[in-house]
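Shown next, in structure tokens, is the structure this report addresses.
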Amino acid sequence: MSIEDEAQLAELLDLWESKYEQGTDVPIAELAAGYPHLEETLEKRIKALKATAWLNEPVEKEDTRQSPEDYGLPEKLGRYELQCLIGSGGFGQVWKAFDSELHRSVAIKVPHPDRIGSDQDAERFVQEARRVAQLSHSGIVPVHDVGRHEDVVFIVSEFIDGKSLLELLHEGSVSEEKAVNIVRSVALALDHAHQKGFIHRDIKPANILIAQDGTPKIADFGISISADEESNSLGTLAYMSPEQLKGEQVDLRADTYSLGVVLFQLVTGQLPRTETTPSQLRKAFADTSAVTIPSSIPSSLRSVLSKSLHVDPALRYSSASEFA
Amino acid sequence: MVCMDAGHTTKLNDLLSLLDQGDTDAVRTELIEHSCQRLRLLAAKMLNRYLMVRRWEQTDDVFVELATRLHQTLADVRPESARHFYNLAGQKVRWVLIEMARRHYGPLGVGRNHDTGEQPEKSSQPRNVSEWVAFHEAVENLPDEAREVFNLTWYEGLSQEEIGEVLGLSVRTVKRRWQAARCQLYETLDGEPPS
């Protein structure tokens, strides 16, 4: 093909694609009118451009999984009809479901099959859920039930008709005063759980639900299954305490650290540490034991943040109630 | 945070001027961050389609490991120019995606050949892991000019205006190279020469 023909072809393809992006598929005969010798090549290239048009789409619009079937789950887990996916994360998914006996909405957490690799794991999971079900506090999402359906183990808890703190953060609708009140409530609820011998291990904005009456409620107690080494590594990097990141044994001060991160994020709009990988974060913890707190933060809050976010657990608050 | 939105062009301008001033550390940090974010999106796109496999969330650990490696590799680079950096980063992102596919969804992986069966009839979008590996490898084998534009467009998520700026080309030329890259890729993957 001559250089002139290539240039003409490129012009025609530009024209075709700009129209195609606007929703008009200009017929090849019309496009190639006046250039009959280019028609065949034009047709082949347009076919290739159409087949690869998906490469022009934004990559973000991809996850289309919505139904239980997409996740290999049945439509019903026992008496619970799975309705829609309301969240998914490292541990599994959370579904909104309908309790067909009590006629009410519930939230059902289904862990990944790999997290429950054996009958022993499943039994441990059920036992832990039973223990969590004994937690009764207005600031903790109550567990209603635990069940097994074929090889799927699940926890049923109250459905909170509200938003997560993460959503509120994204909306930018949390004032400093509101942030302090939310964190104080969460600290008191955490203190209750700690006194009962529970450590959450994954306190983060997505796990703090705000009910319609404004009450913050901690979700996802019980993901830890038990205080074994593996469960220590659970959690979300940005909110993970230094000791948890190192895989060391954690205690309630890991939760108060995570809550400190949440408070920091709520009042500054940023995370206290910007590192995005475990190794960077470990290095940052080793290099600097104290976080830099913006000077715009009132001194009373600065001291709370500074203490709760200390790398050394011994220098943090000794209890969530002290934090509160 | 750098991301592929209208603000990125401004950000890119800032980065390029920083580079002109010799402040390569700041540029590198921003560009690495950008590449890691793009990697996360592409990894999600590549793996989320294997619906029954239900392993995307579990790939987080693998992702973190590979992203860390990407980060380290890029951190060792002294970028001579934005072009140099983006080319290298695009290539590394592609390699990480290939490795991720092979390690978790390769010949023995649970995701192999899991076809979602929901592709539009004429689309060449990969439908399973082995097709994704073939896709990334086909990009690897594109001629230099086409691969460079493909890297910046798809693996780095830059707009055609931004690519024009990075490569010193007109948007029109970028657009044509992108079209040529897609046609060549289609030829390789579907075996039908666009002539």
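The values are calculated or read from the model by the stated rules, or taken from the named source; none is laboratory data. Owing to the predicted nature of the structure, the values given are computational and were not obtained by experimental measurement. Cβ coordinates were reconstructed from backbone atoms using ideal geometry, including for glycine residues, and neighbour counts include every protein chain displayed. These accessible areas exclude ligands, DNA and RNA; they are computed on the full protein's heavy atoms, side chains included. Shrake-Rupley method; radii C 1.70, N 1.55, O 1.52, S 1.80 Å.
Couple of notes before you dig in:
- Members of the stretch A:253-266 found to be surrounded by 22 or more Cβ atoms within 10 Å (Cβ to Cβ) and modelled with pLDDT under 90, listed by number: none
Residues are listed down the side, and each one gets a yes or a no for (1) closer than 28 Å to A:Leu281 by Cβ; (2) at pLDDT 70 or above; (3) among the hydrophobic types (A, V, I, L, M, F, W, C); (4) in a helix (DSSP H, G or I):
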position: B:Thr10; (1), (2), (3), (4): no, no, no, yes
position: B:Asn13; (1), (2), (3), (4): no, no, no, yes
position: B:Leu19; (1), (2), (3), (4): yes, no, yes, yes
position: B:Gln37; (1), (2), (3), (4): yes, yes, no, yes
position: B:Lys45; (1), (2), (3), (4): yes, yes, no, yes
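- Top-ranked residue in the stretch A:274-298 [being closer than 25 Å to A:Leu168 by Cα and among the β-branched types (Val, Ile, Thr); ranked as modelled with the lowest pLDDT]: A:Thr276
- Residue in the stretch B:123-145 that is most open to solvent (accessible area, probe 1.4 Å), counting only those that are more than 12 Å from chain A (Cβ to nearest Cβ), at pLDDT 90 or above and over 20 Å from B:Ser81 (Cβ atoms): B:Asn141
- Checking B:Glu165 against (1) more than 12 Å from every other protein chain (Cβ to nearest Cβ); (2) within 17 Å of the chain's Cα centre (by Cα); (3) not in a loop (DSSP other than H, G, I, E, B), the condition it does not meet: (2)
- Of the criteria (1) more than 8 Å from chain B (Cβ to nearest Cβ); (2) modelled with pLDDT under 85, which one A:Asp63 fails: (1)
- B:Val174 out of contact with any strand residue (DSSP E or B) (no Cβ under 6 Å at 6 or more places or on another chain), over 17 Å from A:Trp54 (Cα atoms), at pLDDT 90 or above and within 12 Å of chain A (Cβ to nearest Cβ): yes
- Pairs meeting the criteria (first residue in the stretch A:36-60 and more than 20 Å from A:Glu11 (Cα to Cα) and within 7 Å of chain B (Cβ to nearest Cβ), second residue small (Gly, Ala, Ser) and buried (at least 19 other Cβ atoms within 10 Å of the Cβ), beta carbons under 8 Å, at least 6 apart or on different chains) are A:Trp54/B:Ser124; A:Val59/B:Gly157.
- Test: residue in the stretch A:279-301 that is of a type outside the set (Asp, Glu), assigned to a helix (DSSP H, G or I) and touching a Phe, Trp or Tyr at 6+ places or on another chain (Cβ under 7 Å): no
- Checked against (1) within 25 Å of B:Glu33 (Cα to Cα); (2) facing chain A (nearest Cβ under 10 Å); (3) open to solvent by 10 Å² or more (accessible area, probe 1.4 Å), B:Gly157 passes all but condition (3).
- When we screen A:Leu82, A:Leu73 for residues that are of a type in the set (A, V, I, L, M, F, W, C), outside any loop (DSSP other than H, G, I, E, B) and either modelled with pLDDT of 90 or more or open to solvent by less than 70 Å² (accessible area, probe 1.4 Å) (or both), the only hit is A:Leu82.
- The condition (being closer than 20 Å to A:Val174 by Cβ, within 14 Å of chain B (Cβ to nearest Cβ) and surrounded by 15 or more Cβ atoms within 10 Å (Cβ to Cβ)) is satisfied by just one residue among A:Leu271, A:Leu301: A:Leu271.
- For the stretch A:280-298, the tally of residues that are open to solvent by less than 50 Å² (accessible area, probe 1.4 Å) and under 23 Å from B:Thr68 (Cβ atoms) stands at 5.
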